[in-house]
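Here's the structure we're looking at; comments come further down.
Since every read-out is calculated from the coordinates, none of them should be taken as a lab result. Keep in mind that this is a model prediction, so the values were computed, not measured. Because the Cβ atoms are built from the backbone with ideal geometry, glycine has one as well, and the counts that use them run over all protein chains shown.
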Amino acid sequence: MDALAKVAQEKGVDSAHTEILSGTFDTLEYCIPTDCPDGSKALQYGEGRTAKGPVNLIRGSVTLGRRNGEPFIHCVTRHGSTRRVRCGQATSSSPTR
């Protein structure tokens, strides 16, 4: 995700949306949505999780923009290993390819 943000910044792109169709990661940090206990919003980010690799990215939807004046990336992924497939919000990654 950092590499994508860097390219966008170098090209002067302030906001964008793209799809990622494949990839393999050594690790993938992500979270899944949970109910908001006080009901102030529909959902909130759950506890962070780490998938140990190799983690195969099946597909991802990435939105780049700004939040509070700072660059922000939101990425929803479908990823898995030989054991299971998961969906979640990618928060950090270590790509291998």
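Sort 16-26, 36-46 by packing, meaning the average of other beta carbons within 10 Å per residue, with the highest value first.
Working: 16-26: 13.1, 36-46: 9.5.
Ranked from most to least packed, the peptides come out as 16-26, 36-46.
Order 58-65, 5-12 from most to least packed using the mean count of other Cβ atoms within 10 Å.
Numbers: 58-65: 15.8, 5-12: 11.2.
My ranking of the peptides, most packed first, is 58-65, 5-12.
To the nearest 20 Debye, how big is the dipole of segment 2-95 about its Cα centre, given +1 on the beta carbon of each Lys and Arg and -1 on that of each Asp and Glu?
Numbers: 12 positive and 10 negative charges, 68 e Å.
Roughly 320 debye, rounded to the nearest 20.
Give me Rg over Rh for segment 2-95, both radii from the alpha carbons and Rh done the Kirkwood way, two decimal places. Don't skip to the answer; put the middle values down first.
Details: Rg = 14.3 Å, Rh = 14.2 Å.
My calculation puts Rg/Rh at 1.00.
Taking the beta-carbon count within 10 Å as an exposure proxy, list 79, 74 from fewest neighbours to most.
74, 79
If I model a spin label at residue 59 and residue 11 as a point 7 Å from the Cα along the Cα→Cβ vector, what separation in nanometres do I get?
Result: 2.1 nm between the two label points.
Which one of 34, 71, 5 is farthest out on the positive end of the charge dipole of segment 2-95, using unit charges on Cβ (Lys, Arg +1; Asp, Glu -1) and the Cα centre as origin?
Final value for the positive-end residue is 34.
Would you mind calculating the gained length between residue 20 and residue 44 on full extension (0.36 nm times residue separation, minus the Cα-Cα distance), in nm to one decimal?
Numbers: separation 24, 0.36 × 24 = 8.64 nm, distance 2.39 nm.
Net length gain for the segment: 6.3 nm.
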